[in-house]
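The structure appears below as structure tokens.
Since every read-out is calculated from the coordinates, none of them should be taken as a lab result. Source: prediction; values computed, not measured. As a convention, Cβ positions derive from the backbone with ideal geometry for all residues, glycine included, and neighbour counts pool all protein chains shown.
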Amino acid sequence: MSAKQQRETTVDAVIVGAGFSGLYLLHRFRKLGLTTRVLERGGGVGGTWYWNRYPGARCDVESMQYSYSFDEELQQEWHWPEKFSAQPDILAYANHVADRFDLRKDIDFDVEVKAAHFNEATRRWRIETDKGEKITAQFFVMATGCISTAQTPNIEGLDNYQGNTYHTGSWPHEKVDFTGQRIAVIGTGSSGIQAIPVLAEEAAHVTVFQRTPNYSIPSQNEPMTSDYEASWKEKYPALREEMRYTGHGSMKDLNDKPAMSVDEEERQDTYEKRWEIGGAGFLASFNDLLFSQESNDTASEFVRNQIRRIVKDPETAELLAPKTYPIGTKRICIDSGYFQTYNRENVDLVDISEKPIERITREGLVANGREFEFDSIVFATGFDAMTGTLFNVDIRGRNDLALKEKWYAGPRTYLGLMSEAFPNLFMITGPGSPSVKSNMLVSIEQHVDFVTESIIHMREHGLELMEPDVAAEDDWVDHVQEAANKTLFPRANSWYMGANIPGKPRLFMPYIGGVGTYRRICEEVVADNYKGFRFEAEAAAAAAE
Ligand code: NAP
């Protein structure tokens, strides 16, 4: 047994995860004087960007906006080489932040948290790791990200397959050489759409198995120009502040007109221009694309026509053109030459929308009654998003209530930050907050600041425990659904709706009311003496009363 296994440690705070949330939390907690341990499953910092190393992995929020704003020197000194950053550059940035703020000494790597139980008598969390260590902490923060539990479908025969299998969400660290290989890619979400063009350049042959086609907009990525970089750096504090009160936490230049308020020529012209600019700003072409089916139809049809224009084989083009859900209601994809890839001789598309892959064989797989042979299979099949990673830890609150049990019909949070019966358990970008419907860095910073300031408030007022009121939580859960029901989002079988995981409750998990609106709500909650939260005084103080 190692020293750590025998040790029972007590700290003020345990943070799970050393991605962008965990790193900034640690920085803030340390400044507050909290003794803090960060426990990280991976061998390094970076979270999503540590795990998702697949060829072509890239962020689709612009680099100048997908970065921390909390330190002026940091944002001035860092140089991003491209407009949209590739995974290695974002991972290098996360490592730079860890070094610059000397964070590593409080992070344990290769440690998985197995359980976290709240003890009502001691009013502390007791956290257990896979290394047998037990840690007692007043505050317990799940900074585990929204899309961090990779999902490999349970297809019959997978164990018998003799070739190599990969999942985009847990890609090997060493370079995988696909030269000369026949490979299968299963899944055409953001990850598949980014990986397929790069894999097609290297492999002898790529067969893509598509269950649902996706709308994708070209990124029009380019090297960072010094003028563009300077235009942000000169006004960084003001621009960052503006971003915090936008709809999605990023500058997207929303056209304030509804799509049907302009004539057909202006509409097409607008879409053309947005397509040329590239990126997710396409969805901001008009202000009602995610609210009006009629308006959305015009944008969806524009993209379908772009696909028909790019892809030479009309049958393949039709298969690639999404028709079963409105554009934007599944996460919009941003690509670099995705549709063009299907014009290559070495790429085939197999439609599995009617019948799932039948089975995996020793040499490949069977789909649509046909046998395929592959040297490797790449699963780009997504994640058990929003709740999967929280449920991987046996989290129990008051009366031994399991989080999984409380949330059996869907996540129940107040503001996506806390859940009643789980005192002092905070979630960073939890379900019920803008999270995945926003620039994650903006939402992460806001939640980390909220949590830190809540702890400051508690310390200043002799308070030991913080927890939402059940009524406030119930109202918030309803509000999250009401906000979603005003949009077209519930019309798609997306991972936002839990629809990609068999048996998962079907409801919209993030808060779609807008980053700025949400931020104002949080500000009002604090200004109103943390309305909707209740606190308990420190045990000693309470006893003396
Ligand atoms: P995803 O969007 O959930 O896509 C998974 C794909 O696999 C879908 O096409 C899905 O089909 C398919 N699939 C799942 N199970 C299958 C099965 N049993 N048989 C056949 N096909 C199956 O996952 P992702 O592409 O990894 O992306 C997840 C999220 O991560 C994105 O939406 C985005 O938020 C984030 N991400 C961002 C970036 C970026 O910043 N550029 C890059 C990658 C990922 P169905 O659609 O029919 O379910």
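Tabulated data for the structure shown
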quantity: Protection-proxy order for peptides 300-306, 528-534, 282-288, 224-230, each taking the mean of Cβ atoms within 10 Å per residue, highest first; calculated: 282-288, 300-306, 528-534, 224-230
quantity: Shape of the stretch 458-519, Cα gyration tensor, a/c cut at 1.5; calculated: prolate
quantity: Order of Arg126, Arg308 - criterion: other Cβ atoms within 10 Å of each residue's Cβ, fewest first; calculated: Arg308, Arg126
quantity: Cα pair count fraction exceeding 20 Å, expressed as % - the stretch 118-241; calculated: 69
quantity: For the stretch 158-379: relative contact order, % (alpha-carbon pairs under 8 angstrom, 6 or more apart); calculated: 36
quantity: Within the chain: Cβ-based charge dipole about Cα centre, in debye rounded to nearest 20 (Lys, Arg +1; Asp, Glu -1); calculated: 940
quantity: Cα centre as origin, Lys/Arg/Asp/Glu Cβ charges: the stretch 1-154 dipole, Debye; calculated: 560
quantity: Pair-distance profile P(r), taking every C-alpha pair of the stretch 426-531, with 10 angstrom steps and integer %; calculated: 13, 42, 32, 11, 2
quantity: Pairs from Lys31/Lys252; Lys175/Lys252; Lys83/Lys257; Lys83/Lys355; Lys312/Lys504 whose Cα-Cα separation, in the structure shown, is over 32 Å; calculated: Lys31/Lys252; Lys175/Lys252; Lys83/Lys355; Lys312/Lys504
quantity: Formal net charge of residues neighbouring Gly44 (Cβ-Cβ distance under 13 Å; K, R +1; D, E -1); calculated: -1
quantity: Lys/Arg +1, Asp/Glu -1 at C-beta; the chain dipole; positive extreme among Ser435, Ala402, Val515; calculated: Ala402
quantity: Charge dipole (debye, nearest 20) of the stretch 158-379; +1 at Cβ of Lys and Arg, -1 at Cβ of Asp and Glu; calculated: 500
quantity: Within the chain, helix-based [θ] at 222 nm, where runs of 4 or more DSSP H residues each add -39,500 (n - 2.57), nearest 500; calculated: -9500 deg cm²/dmol
quantity: Computed log₁₀ I(q)/I(0) - Debye formula, equal Cα scatterers, no solvent, the chain, q 0.06, 0.12 Å⁻¹; calculated: -0.30, -1.23
quantity: Folded to 0 to 90 degrees: helix 87-100 orientation relative to the chain principal axis, Cα; calculated: 20
quantity: Considering only the chain, percent of DSSP beta bridges that pair antiparallel, nearest 5; calculated: 40
quantity: Exposure proxy ranking, count of Cβ atoms within 10 Å, fewest first, for His461, His205, His96; calculated: His461, His96, His205
quantity: Mean-position separation - Cα centroids, the stretch 366-412 and the stretch 316-331, in angstrom; calculated: 24
quantity: Protection-proxy order for peptides 9-16, 316-323, 405-412, each taking the mean of Cβ atoms within 10 Å per residue, highest first; calculated: 9-16, 316-323, 405-412
quantity: Whole-number D in µm² s⁻¹ for the stretch 216-279, Kirkwood Cα-pair radius fed into Stokes-Einstein, 20 °C, 1.002 mPa s; calculated: 151
quantity: Shape of the stretch 158-379, Cα gyration tensor, a/c cut at 1.5; calculated: prolate
quantity: Dipole axis of the stretch 158-379 (+1 Lys, Arg; -1 Asp, Glu on Cβ), positive-most option in Leu283, Leu199, Thr246; calculated: Thr246
quantity: Mean-position separation - Cα centroids, the stretch 27-57 and the stretch 186-246, in angstrom; calculated: 22
quantity: Proximal lysines relative to Lys131, as straight alpha-carbon distance under 18 Å, when same-chain residues fewer than 8 apart are discounted; calculated: Lys4, Lys114
quantity: For the stretch 241-317, convex hull of alpha carbons as volume per residue, Å³; calculated: 102
quantity: Positive-end residue, the stretch 158-379 charge dipole about Cα centroid, Cβ charges, pick of Ile352, Ser190, His167; calculated: His167
quantity: Antiparallel content of DSSP bridges confined to the stretch 158-379, in %, to 5; calculated: 25
